[in-house]
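Encoded as structure tokens, the structure appears first; notes follow it.
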Amino acid sequence: NDAPALKAADVGISVNNAVDIAKESADIILLKKSLMVLEDGVIEGRKTFGNILKYIKMGASSNFGNMFSMTGASIFLPFLPMLPIQILLNNFLYDVSQVAIPTDNVDKEYVLKERPWNISYIKKFIILIGPISSVFDFITFGVLLWVFHAQQPLFNTGWFLESLCTQTLVIHVIRTGKVPFIESKPSLALIFTSIYIVTIGLVLPFTPIGQYFKFVTPPPMFFAVLVVIV
């Protein structure tokens with residue numbers, strides 16, 4: 001008579017010495033006389049949900065911001081702000097930097113209560129953060145055009161570097177509601193992938209591979225400006 005209730009429950013829990021039909025109907029079978037494993041499962045589930053949400057917020061807001069920047073730049077530029085192959089490379093490197101998000105630490109305060117799926121909150125986040133990221137893109141555009149008098153190759157390279165750096169590093173702001181690195185520390189894997197991808201991006205214009213992607217070597221002063229913008 002336990003089977004119907006176990007089947008109807010959101011999560012049916014049985015014990016190892018229960019009858020076969022009860023164990024077959026259950027989602028979880030406890031192998032030991034302890035409910036602590038359930039608590040561990042709930043905490044781990046909340047951490048997983050938190051990290052999934054970081055990925056969604058980061059990816060969706062960045063893509064919306066890039067679309068916004070690309071559209072705005074195309075209005076007044078006589079050339080493409082970034083070449084298609086450069087956009088694909090940017091997205092590829094950016095995605096690689098996110099593979100460590102599942103390993104990231106989650107703030108203790110975050111797992112104290114359940115966090116229901118809230119698409120309205122995600123939409124508000126995208127609409128707010130996306131255009132904010134575009135503000136820094138437009139600052140980069142202005143610097144490239146009016147300070148460095150950039151033609152298409154330098155403009156493409158400059159925006160690629162700024163876009164990759166800001167997209168990759170913004171995860172450290174999105175991942176916590178606390179002060180990043182001081183009050184809330186990311187996992188070592190996430191720190192490594194962030195530094196690794198940003199380094200690859202900064203070195204790329206100086207390599208033969210960079211020439212294949214139509215990059216040029218930016219002037220040294222641009223990197224000083226890039227640091228300030230980032």
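Details
- Restricting the range 69-83 to residues that are part of a helix (DSSP H, G or I) and of a type outside the set (Ser, Thr, Tyr), the residue that is surrounded by the fewest Cβ atoms within 10 Å (Cβ to Cβ): 75
- Some residue of the range 44-67 being of a type in the set (A, V, I, L, M), in contact with a Gly (Cβ under 7 Å, 6 or more places away or on another chain) and part of a helix (DSSP H, G or I): no
- Residue check, residue 21 at pLDDT 90 or above and over 30 Å from residue 167 (Cβ atoms): yes
- Within the range 163-184, the residues that satisfy the criterion of being in a helix (DSSP H, G or I), open to solvent by 10 Å² or more (accessible area, probe 1.4 Å) and of a type in the set (A, V, I, L, M) are 169, 173, 174.
- Of everything in the range 111-150 that is of a type outside the set (A, V, I, L, M, F, W, C) and in contact (Cβ under 8 Å) with a residue 24 or more places away in the chain, the residue that is surrounded by the most Cβ atoms within 10 Å (Cβ to Cβ) is 140.
- For the range 84-110, the tally of residues that are part of a helix (DSSP H, G or I), open to solvent by 10 Å² or more (accessible area, probe 1.4 Å) and not charged (D, E, K, R) stands at 12.
- Within the range 30-55, being more than 30 Å from residue 100 (Cα to Cα), of a type outside the set (Ser, Thr, Tyr) and loosely packed, with under 15 Cβ neighbours inside 10 Å holds for 31, 32, 33, 35.
- One residue stands out in the range 185-203 among those that are closer than 30 Å to residue 80 by Cα, out of contact with any Leu (no Cβ under 9 Å at 6 or more places or on another chain) and of a type in the set (S, T, N, Q): the one that is surrounded by the fewest Cβ atoms within 10 Å (Cβ to Cβ), namely 199.
- Residues that are closer than 16 Å to residue 59 by Cα, of a type in the set (Phe, Trp, Tyr) and more than 14 Å from the chain's Cα centre (by Cα) do occur in the range 120-141.
The values are calculated or read from the model by the stated rules, or taken from the named source; none is laboratory data. Everything numeric in this text was worked out from a predicted model, so none of it was measured. When we count neighbours, we look across all protein chains shown, and the Cβ atoms used for this are built from the backbone with ideal geometry, even at glycine. In case anyone asks, the SASA skips ligands and DNA or RNA and just uses the protein heavy atoms, side chains included. Shrake-Rupley method; radii C 1.70, N 1.55, O 1.52, S 1.80 Å.
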